[in-house]
Amino acid sequence: MRIAGAMLLAGLLGLVAALWTWTRPGTPGPAAAPEAGVAVHVLNNGFHTDLAVPRAALEAGGGPLAEASRSVGAGDWILIGWGDAKFFVDTSPMQSRIPDGLRAFFRPGNASVVMLDPETGDPARRFAPGSRRTLVLSPEAFAGLRNRVQDSLSLAEGRPRLSTARDGDGAHFFASREHFWIGYLCNSWTARVLNAAGLPIRPLRSVTAAEVIAAVDRVQLDTGPRRD
């Protein structure tokens, strides 16, 4: 019995280790010549990651995502994020949001939203170098990223559905067909979007913002795209 128990424990530990290190490959590759590619920023505020993309490139592909982007305020860049439909939108003090945060984490099947937030200047300038990364994506890789974001939108008769627009900062939140919970957090979503652009990711670890940044760093070591 002791031998069987030890073998079971060893098997479980091996499974956990395999899941922890499992890497999901990405195709196509993200690198492109600077003059032919699209610069995309990955922004990390310590616990949450957003993507910043040039608005013209985002809208050039048409479809529901372009329609959503055109419906928000002026700005050359669009910040893109994803999260729980209530917790992500709320800007009240964090201490008052703890019960709702626990609800978002531990209750499966929570409604979610895709954020589109326009900015007039390059949003990467607001982030310290250690908190931002820049990828130059090939046209094919950017199309993969864009399509993954668009696929997250919940549509009504083919059109994006605005959930809410936050007062004060211009952010618009569109209903998403995906669900937020502890097994699929905001950083998990960002990692999947980057994976669609060609970045290999480690899905289990991608619950943290640091792992999303690490995924960018690994591909930059391998291919040498620009880093700011």
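The values are calculated or read from the model by the stated rules, or taken from the named source; none is laboratory data. These numbers come from a predicted model, not from an experiment. Here the Cβ is made from the backbone with ideal geometry for all residues, glycine too, and neighbour counts use every protein chain on show. Ligands, DNA and RNA are stripped out before the accessible areas are found, and what is left, the full protein with its side chains, is counted by its heavy atoms. Shrake-Rupley method; radii C 1.70, N 1.55, O 1.52, S 1.80 Å.
Remarks
- Tallying residues that are surrounded by fewer than 12 Cβ atoms within 10 Å (Cβ to Cβ) and aromatic (F, W, Y) within region 70-118 yields 1.
- Applying the criterion of being assigned to a loop (DSSP other than H, G, I, E, B) and in contact with a helix residue (DSSP H, G or I) (Cβ under 8 Å, 6 or more places away or on another chain) to the residues of region 149-200, the residue that is surrounded by the fewest Cβ atoms within 10 Å (Cβ to Cβ) is G158.
- Some residue of region 121-132 being over 30 Å from A39 (Cβ atoms), open to solvent by 10 Å² or more (accessible area, probe 1.4 Å) and either polar (S, T, N, Q) or free of Cβ contacts under 8 Å to residues at least 12 places away in the same chain (or both): no
- Meets criteria (over 16 Å from the mean Cα position of the chain (by Cα) and over 22 Å from R166 (Cβ atoms)) for S92: no
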